[in-house]
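Readers should treat all values here as calculations from the given coordinates under stated rules, not as data from a laboratory. Treat the numbers as computed from the prediction; the structure is a model and nothing was measured. Cβ coordinates were reconstructed from backbone atoms using ideal geometry, including for glycine residues, and neighbour counts include every protein chain displayed.
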Amino acid sequence: MCILVTGATGLIGSALVRQLVAQDASVRILRRASSPLDALGETAQQVEHVVGDLTDPLSVREAVRGITHVYHVAARVDLGADLRTLRPVNVHGTAHVVDAACEEGVARLVHTSSIAALGRPDDSDVLISEETPWAGTPGRSAYAQTKREAELEVHRGIAEGLDATIVNPALVFGTGRPDASTHRLVEAVRRERLPGVPPGGTCVVDAEDVATGMRRAMLHGETGRRYILGSQNMSWARIIHTLAAAHGVSAPRRIIPALWLRAAGRAAEAWAWVTRSTPGFSRSMARTAAKTMRYDTTRARTELDCTFRPFRDTAARIAAEEKREVA
């Protein structure tokens, strides 16, 4: 295999590249000139670099040339951004990768989507699966919409002859990227700066397990099939208490009412409009935080033979890594 990884400097992509290099794979990465290489560490010296941008189809074509297998991991993860900001990377960038893979005769592509691209039933007792239908966009974030549209680009490529499969990671925790949204949450917990916890819940997963699941999807995933990669369905209170326990700090006890979250989202959006910036919080984020969403990971566990570590182990790994960095 000659493997291309997009998004290799991110939380998931760097974990994937490290695993591939450890198995002596021939790896090329597509990255922007400004991308920090910290998350890759010494592995950055063991891969081929193509400097370019997903929004530039010519640089994507150059990166894909001579490649047999592609892991498309790159995306703009900004839950407060709008469609105009996200579509060029998440949708058009995916289209460029798909087009180049088709033109260059790539043997197989694994596309990294998100649980955000899945349908979302009103009943919180219903497990969300890969087959849960998408019921329109009202109330869904721009990020969710663009990840859904990116999947459609992959299916377009499949219709044109591309062999591709899709993974949908849950909320990913790991080390190496201080700008990752989950790292910011970890830091807020560690510094005891959270005023409270949202009333909802979601599914969590370790970045290392996502990378392993992606490699298994490359080998065993069915063409056009989705695979949810997730460890545990947990309430936000349990997630935050687990992180706090791993860091030896106190967790907030107050549950923030959904009404307050929505008010904070409206206020943040209004301030962002005044300052012409991207809101750090939004109404769609408030709705997500207040809702309990549970995901069925049976398909990945049975068809790909994936295993996922408990979240307490992930939290302990993050805390131990932070202590090493301080030391």
Is the C-alpha gyration tensor of the range 272-327 telling us rounded, prolate or oblate? Criteria: a/c under 1.5 is rounded; beyond that, a/b larger than b/c is prolate, otherwise oblate. oblate
For the range 83-162, rounded, prolate or oblate, judged on the Cα gyration tensor with a ≥ b ≥ c (square roots of eigenvalues), a/c < 1.5 rounded, else prolate if a/b > b/c? oblate
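Antiparallel DSSP bridges in the chain: what percent, to the nearest 5?
Values: 4 of 36 bridges.
Rounded to the nearest five, the antiparallel share is 10 percent.
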Per-residue ellipticity at 222 nm for the chain, helices alone: DSSP H runs ≥ 4 residues times -39500 (n - 2.57), over residue total, nearest 500 deg cm²/dmol? -13000 deg cm²/dmol
Normalise the Debye intensity by I(0) for the range 190-327, one equal point scatterer per Cα, no solvent, then take log10 at q = 0.16, 0.20 Å⁻¹ and round to two decimals. -0.99, -1.14
Report the calculated FRET efficiency for residue 324 and residue 124 (r = Cβ-Cβ distance, R0 = 35 Å), to the nearest 0.05. 0.35
Taking the dipole about the Cα centre of the chain, with the C-beta of Lys and Arg at +1 and of Asp and Glu at -1, give me whichever of 259, 229, 51 is farthest to the positive side. 259
Sort the following peptides by mean Cβ neighbour count (other Cβ atoms within 10 Å, averaged over residues), highest first: 58-64, 18-24. 58-64, 18-24
What base-10 log of the normalised intensity I(q)/I(0) is obtained for the range 19-158 from the Debye formula, alpha carbons as equal point scatterers, at q = 0.14 Å⁻¹? -0.73
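Once you have a ≥ b ≥ c as the square roots of the Cα gyration tensor eigenvalues for the range 1-100, tell me rounded if a/c is under 1.5, and otherwise prolate or oblate according to whether a/b is larger than b/c. If you can, show how the numbers build up before the last one.
On the way: a/c = 2.03, a/b = 1.37, b/c = 1.49.
Oblate is the answer for the range 1-100, as a/c is 1.5 or above yet b/c matches or exceeds a/b.
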Debye, to nearest 20: dipole size of the chain, +1 on Lys, Arg Cβ, -1 on Asp, Glu Cβ: 1220
Using Stokes-Einstein with the Kirkwood hydrodynamic radius over Cα pairs, what translational diffusion coefficient do you get for the chain at 20 °C and a viscosity of 1.002 mPa s, in µm²/s rounded to a whole number? 106
